[in-house]
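**Q** The structure is given below, and queries will be raised subsequently.
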Amino acid sequence: MDFSISEKMQTILEMMKDFVEKELIPLEPELLKGNERSLLPIIEEKKKMVKQMELWAPNHPKEYGGMGLNLVEHGLVSEVLGRTPLGFLVFGCQAPDAGNIEIIHKYGTKEQEKTYLKPLIAGEIRSCFSMTEVDQPGSNPVLLDTTAVKDGDDYVIDGHKWYTSSADGAKFAIVMAVTNPDETPYMRASMIIVPTDTPGFNLVRNISVMGHSGEDYFSHAEILYQSCRVPQKNLLGGEGQGFVIAQERLGPGRIHHCMRWIGICNRVYDLMCQRALNRVISPGKTLASKQIIQAWIAESAAEIRAARLMVLHTAWTIENLGVKEAREDISLIKFVVANTMQKVIDRALQVHGGLGMTDDTIIAYFFRHERAARIYDGADEVHKASVTRRILKGYQGKQIK
Ligand SMILES: Cc1cc2nc3c(=O)[nH]c(=O)nc-3n(C[C@H](O)[C@H](O)[C@H](O)COP(=O)(O)OP(=O)(O)OC[C@H]3O[C@@H](n4cnc5c(N)ncnc54)[C@H](O)[C@@H]3O)c2cc1C
């Protein structure tokens, strides 16, 4: 594997670093106050600046106005953009839109591309992905209850979802619903595009998560679909293909999160090192002189580097050998990077003492919001079980001496 970074990529990364430092990190205090909606106009301004710099949508195809970077390059970019909760959004590569873009690009009709894909990639609208339900385990989505029943030219959708991230302010949802109840478990569901202004799309609330319900992009909604009627032409892909498409969406989606989490690790690690050097703990001695703090810094450095290499190698595998070949690696990085991030954030918070608990630094924000990394897109336990199943399969019938 070639670890060198091309000159072109180095220039891109420098430009992005500079932008994140100068234009985005100064906006964080407002975000930390919980005034997300008040930031929307300035976020739009920053998006325009990013487009003018030709750094918009790094991971999306050039023909749609993106930069067309490959997955390894996007991994490098994400390390920079992940340093702030605003990075991915302002550069047009944020979840859940990135995943929705990929599946509409692959499965959408010409009309769906025109109506939903183009404005989504351009950052003119946002979307959400509505699969997890209140009353069924997200870890075993074949049990989902939401139904989409044909009536004339329409589907009529009924169901109770939650954790539909960023539904507040989104133009449309991609909804996972049972269309073929008599089929085998993995062929029962379909994905359907539902504009959020459709009667029967009822956003009940933005769920309070770790003490804050958030607004607009920065929120997770509970949604009741009540006789929610959309034309059958809103079906994405074929009927019964929901789980096939979901698998395609979740693979790359997971690695995007992991790449972003490396950025978070680096940011809080930098803050931890800075605090260790500056905090005088006794006359003439800083926190950096204490062995336990030194150990946290060294362990964090090693763990972040190991996690980063795993992520970039997985990106390389997807890029060169395909998602299928990378399935095991995707599951491994999902729980390794989530746990590394959690550990490093926790150490950084501890080194900051009382200050770490406040919203005067970004650390507590990451501590609250990124705990979920071990749950969404497959809980740790589910990934570990599936990886182990695959690993042990390779040992079946073998004689190891
Ligand atoms: C911040 C956040 C954002 C999210 N965004 C979205 C979104 O945009 N769209 C969407 O559709 N969903 C979203 N989700 C939902 C997420 O995908 C689910 O929470 C996740 O799939 C787990 O499902 P569940 O919450 O129903 O937990 P359950 O399935 O009830 O599982 C609970 C726990 O049981 C354990 N467990 C489960 N299965 C096994 C097993 N086989 N072996 C051992 N232990 C097991 C795990 O520890 C798991 O955490 C989001 C969740 C969060 C927290």
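The values are calculated or read from the model by the stated rules, or taken from the named source; none is laboratory data. Quantities reported herein were computed from a predicted structural model and do not represent experimental measurements. With ideal geometry, Cβ positions are generated from the backbone for all residues, glycine too; neighbour counts draw on all protein chains shown.
**Q** For residues in segment 349-396 being within 10 Å of the ligand (Cβ to nearest atom) and β-branched (Val, Ile, Thr), which is farthest from Trp296 (Cα to Cα)?
**A** Val382
**Q** Also, I was wondering about something else. Would you pick out the residues in segment 319-333 that are in contact (Cβ under 8 Å) with a residue 24 or more places away in the chain, of a type in the set (A, V, I, L, M) and surrounded by fewer than 22 Cβ atoms within 10 Å (Cβ to Cβ)?
**A** Going residue by residue through segment 319-333, those that are in contact (Cβ under 8 Å) with a residue 24 or more places away in the chain are 319, 323, 326-328, 330-333.
Then drop every residue that is not of a type in the set (A, V, I, L, M), which leaves 323, 326, 330, 332-333.
Matches in segment 319-333: Val323, Leu332.
**Q** Follow-up question, since we're still on this one. Do the conditions hold for Glu54, that is, is it more than 16 Å from the ligand (Cβ to nearest atom), at positive phi and acidic (Asp, Glu)? So that I can check it myself, show each step before the final result.
**A** Details: more than 16 Å from the ligand (Cβ to nearest atom): yes; at positive phi: yes; acidic (Asp, Glu): yes.
Answer is yes for this residue.
**Q** Whether any residue in segment 277-289 is closer than 30 Å to Glu102 by Cβ and either of a type in the set (D, E, K, R) or in contact (Cβ under 8 Å) with a residue 24 or more places away in the chain (or both) is what I want to check.
**A** No, segment 277-289 contains no residue that is closer than 30 Å to Glu102 by Cβ and either of a type in the set (D, E, K, R) or in contact (Cβ under 8 Å) with a residue 24 or more places away in the chain (or both).
**Q** When only residues in segment 124-165 that are of a type in the set (A, V, I, L, M, F, W, C) and more than 10 Å from the ligand (Cβ to nearest atom) count, which is farthest from Cys93 (Cα to Cα)? Before you say what the answer is, go through the steps one by one.
**A** Within segment 124-165, the subset of a type in the set (A, V, I, L, M, F, W, C) is 125, 128-129, 131, 134, 142-144, 148-149, 156-157, 162.
From what is left, the residues that are more than 10 Å from the ligand (Cβ to nearest atom) are 125, 142, 148-149, 156-157.
Details: Ile125: 13, Val142: 29, Ala148: 30, Val149: 33, Val156: 32, Ile157: 29 Å.
Here the residue is Val149.
**Q** Right, something else. Mind checking whether some residue in segment 149-157 is in contact (Cβ under 8 Å) with a residue 60 or more places away in the chain, within 17 Å of the chain's Cα centre (by Cα) and either outside any strand (DSSP E or B) or closer than 19 Å to His220 by Cα (or both)?
**A** Within segment 149-157 (the criterion being in contact (Cβ under 8 Å) with a residue 60 or more places away in the chain, within 17 Å of the chain's Cα centre (by Cα) and either outside any strand (DSSP E or B) or closer than 19 Å to His220 by Cα (or both)), the answer is no, since none of the residues qualifies.
**Q** Check Gly214 against each of (1) surrounded by fewer than 23 Cβ atoms within 10 Å (Cβ to Cβ); (2) farther than 19 Å from Ser166 by Cβ; (3) not aromatic (Phe, Trp, Tyr) and name the one condition it does not meet.
**A** Single failed check for Gly214: (2).
**Q** Next question. For segment 348-401: of the residues being in a loop (DSSP other than H, G, I, E, B) and β-branched (Val, Ile, Thr), which is farthest from the chain's Cα centre (by Cα)?
**A** Selected residue: Ile400.
**Q** Follow-up question, since we're still on this one. Which one of these is touching a Gly at 6+ places or on another chain (Cβ under 7 Å) and modelled with pLDDT of 95 or more: Val311, Val344, Val336, Val351?
**A** None of the other options fit; the residue is Val311.
**Q** Based on what the data block shows, is Arg347 out of contact with any His (no Cβ under 8 Å at 6 or more places or on another chain), among the basic types (Lys, Arg) and more than 21 Å from Ala315 (Cβ to Cβ)?
**A** Judged against the criteria, Arg347 is a match.
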